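The structure under discussion appears below in the form of structure tokens.
The values are calculated or read from the model by the stated rules, or taken from the named source; none is laboratory data. This structure is a prediction, so every number in the text was calculated from the model and none was measured. When we count neighbours, we look across all protein chains shown, and the Cβ atoms used for this are built from the backbone with ideal geometry, even at glycine.
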């Protein structure tokens, strides 16, 4: 007897390998994927603007990396005792204006250089809702904001983007990216995080528009793919025990399940095997010895230093410098 509906996930015709460079952009679920891949020594750069939810913000950020846009003082605003950018997450906010700009522009340059050589972009869309500044905000920003920075609600007009709007933004962004780096391939996912502040009905409408828009592009272009993170949580797991206490965010078990499916279907078999070897090394590095001066612990360090050295020699594209230093210190 089956207790869940299985999804026929299409494997990538040209899977991701350890030699590939991956840019990840989008919602907080992007960071689950990025943190896992980065921790396993893939070459990744994630969310150079910080977490982004709506399609407009995602596309604007990607185009800004293509253009290597550098931000100026008039792009910032002062609120809640810090300087902020409407196009960046609050992790870039700073009490010092110059430091705020320095962090933003350094991230822009890093993203621009990384995108030149990137092989994949993984884009996770979270919401069809876009927030546009009203006259009460007294700020010049006509294209919507990426983060509201706890500003008064009266400063924003909430707009659910039509499918045609979303498709137009994604289509234009795709062509800009391909002109800049013709070898780029794109994987779209829709975040399984439920935006309950929008209400259950509007959350479902929002996700549905994202799904329809993304599949429009997948059907149109040969180098755009879809990974069903949303369906794996909503339709396969389909139980509140797989959500965090807020009933909105998938919990550890759910994200691990999704990541396992991602590896099985989007990463080549040799890289999957290497992932397991590196994972064992990372677990060993986290081991905390109660008696670090014992012979047993020294043997433990020596054994894993040898394993790290063997992996580094066999796979010179890996960066295991930190691990080698840790186990040989």
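Evaluating residue 135 against the criteria (1) over 29 Å from residue 214 (Cβ atoms); (2) crowded, with 16+ Cβ neighbours inside 10 Å leaves one unmet condition, (2).
Exactly one residue among 205, 197 is modelled with pLDDT under 95, over 26 Å from residue 104 (Cβ atoms) and not in a loop (DSSP other than H, G, I, E, B), and that residue is 197.
Would you confirm, using the coordinates I've provided, whether residue 319 is assigned to a helix (DSSP H, G or I) and either within 30 Å of residue 55 (Cα to Cα) or touching a residue at least 40 places away in the same chain (Cβ under 8 Å) (or both)? So residue 319 fails the test. Scanning the range 286-301 for residues that are surrounded by fewer than 14 Cβ atoms within 10 Å (Cβ to Cβ) and closer than 30 Å to residue 19 by Cβ returns 286, 287.
Of the residues examined, residue 189 is one that is assigned to a strand (DSSP E or B), in contact with a helix residue (DSSP H, G or I) (Cβ under 7 Å, 6 or more places away or on another chain) and either surrounded by 21 or more Cβ atoms within 10 Å (Cβ to Cβ) or at pLDDT 95 or above (or both).
None of 243, 230 is more than 15 Å from residue 189 (Cα to Cα), in contact with a helix residue (DSSP H, G or I) (Cβ under 9 Å, 6 or more places away or on another chain), surrounded by 14 or more Cβ atoms within 10 Å (Cβ to Cβ) and assigned by TED's automatic domain parsing to the domain that holds residue 121 except 243.
For the range 212-224, the count of residues that are closer than 26 Å to residue 160 by Cβ, over 17 Å from the mean Cα position of the chain (by Cα), in contact (Cβ under 8 Å) with a residue 12 or more places away in the chain and not in a helix (DSSP H, G or I) is at least one. Got at least one residue in the range 108-117 being assigned to a helix (DSSP H, G or I) and free of Cβ contacts under 8 Å to residues at least 24 places away in the same chain? Taking every residue of the range 108-117 in turn, at least one turns out to be assigned to a helix (DSSP H, G or I) and free of Cβ contacts under 8 Å to residues at least 24 places away in the same chain. Of the residues examined, residue 298 is not one that is at pLDDT below 90, more than 17 Å from residue 15 (Cβ to Cβ) and not in a helix (DSSP H, G or I).
Only one entry of 218, 236 meets the criterion of being surrounded by 13 or more Cβ atoms within 10 Å (Cβ to Cβ), modelled with pLDDT of 95 or more and outside the structural domain of residue 328 (by TED's automatic domain parsing), and that entry is 218.
The condition (being surrounded by 19 or more Cβ atoms within 10 Å (Cβ to Cβ) and assigned by TED's automatic domain parsing to the domain that holds residue 206) is satisfied by just one residue among 148, 173: 173.
Which members of the range 61-96 meet the condition of being more than 21 Å from residue 138 (Cβ to Cβ) and surrounded by fewer than 20 Cβ atoms within 10 Å (Cβ to Cβ)? Residues satisfying the conditions are 63, 64, 66, 67, 68, 69, 70, 89, 91, 94, 95, 96. Looking at the range 128-135, can you tell me whether even one residue there is over 20 Å from residue 59 (Cα atoms), in the same structural domain as residue 243 (by TED's automatic domain parsing), touching a helix residue (DSSP H, G or I) at 6+ places or on another chain (Cβ under 7 Å) and in contact (Cβ under 8 Å) with a residue 12 or more places away in the chain? There is at least one residue in the range 128-135 that is over 20 Å from residue 59 (Cα atoms), in the same structural domain as residue 243 (by TED's automatic domain parsing), touching a helix residue (DSSP H, G or I) at 6+ places or on another chain (Cβ under 7 Å) and in contact (Cβ under 8 Å) with a residue 12 or more places away in the chain. Count of the range 147-164 residues, restricted to those that are in contact (Cβ under 8 Å) with a residue 24 or more places away in the chain and part of a helix (DSSP H, G or I), is 1.
Pairs are defined by a Cβ separation below 8 Å, a sequence spacing of at least 6 or placement on different chains, a first member in the range 261-281 that is under 13 Å from residue 14 (Cβ atoms), and a second member that is assigned to a helix (DSSP H, G or I); the pairs so defined are 267/275.
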